[in-house]
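J.: One structure, as structure tokens, below. Some questions next.
What follows is calculated from the coordinates using simple rules that are stated; it is not laboratory data. Remember, predicted model here, so these are calculated numbers, not experimental data. Glycine gets a Cβ as well: all are built from the backbone with ideal geometry, and neighbour counts include every protein chain shown.
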Amino acid sequence: MFFEIDGKTYRVKFSRTDTTTYANLIRVEPDAGLVETNIVGIASLYHKDKFVKSTGRKIALAHLLERMNEISAGDTEPEFTLTREDRANIWAEYFKTHKK
């Protein structure tokens, strides 16, 4: 899944291990290719619950969007300041490629 913020292109890569789903944010650089941002959204599932791929991805993406607005250790301001419209556009891109 790809989206743009402030003229920069980003990719969200979903992955899963056992009962945990990850949404990794990757910046697409024209010269360097894919650059890890080290911002990850995580969705964990209780081991006795039934795994549902789409639900895990939605929760992981929601957590990723929350993390994007957080201030990292040593920083004075967040790396991203997502507006309501930015978040709506990201969700719209997600639902273009994933079922509701």
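J.: Please provide three numbers in whole Å: the alpha-carbon extents of the stretch 3-61 along the principal axes, with the largest listed first.
T.: Result for the stretch 3-61: principal-axis Cα extents of 45, 17, 14 Å.
J.: Okay, moving on. Can you count the Lys pairs in the chain with C-alpha separation below 13 Å, eight or more apart or on different chains?
T.: Values: 13/58; 53/99; 53/100; 58/99; 58/100.
Lysine pairs, 8 or more places apart or on different chains, close enough: 5.
J.: On a full-extension model of 0.36 nm per residue, what is the gain between residue 52 and residue 20, subtracting their alpha-carbon distance, rounded to one decimal in nm?
T.: Values: separation 32, 0.36 × 32 = 11.52 nm, distance 1.09 nm.
In short, 10.4 nm is gained.
J.: Under the definition of Cα pairs under 8 Å and six or more residues apart, what whole-number percent is the relative contact order of the stretch 1-95? Walk me through the numbers on the way to the answer.
T.: Numbers: 143 pairs, mean separation 20.6, N = 95.
Once normalised by length, the contact order is 22 percent.
J.: Can you give me the orientation-averaged projected area of the convex hull built on the Cα atoms of the chain, in nm²?
T.: Result: 7.4 nm².
J.: Between 0 and 90 degrees, rounded to the nearest ten: what's the tilt of helix 53-68 against the longest Cα principal axis of the chain?
T.: Between the helix axis and the principal axis of the chain, the angle is about 30 degrees.
J.: What is the helix-to-structure angle for 84-97, meaning the angle in degrees between its Cα long axis and the longest Cα principal axis of the chain, kept from 0 to 90 and rounded to the nearest 10?
T.: The angle comes out near 50 degrees.
J.: Where nothing but the Cβ of Lys and Arg (+1) and of Asp and Glu (-1) is charged, how large is the charge dipole of the stretch 1-63 around its Cα centre, in debye to the nearest 20?
T.: Dipole of the stretch 1-63, to the nearest 20 debye: 420 debye.
J.: Also, I was wondering about something else. Evaluate the distance, in nm, between pseudo-label points positioned 7 Å from the Cα of residue 81 and of residue 3 along their respective Cα→Cβ axes.
T.: 1.9
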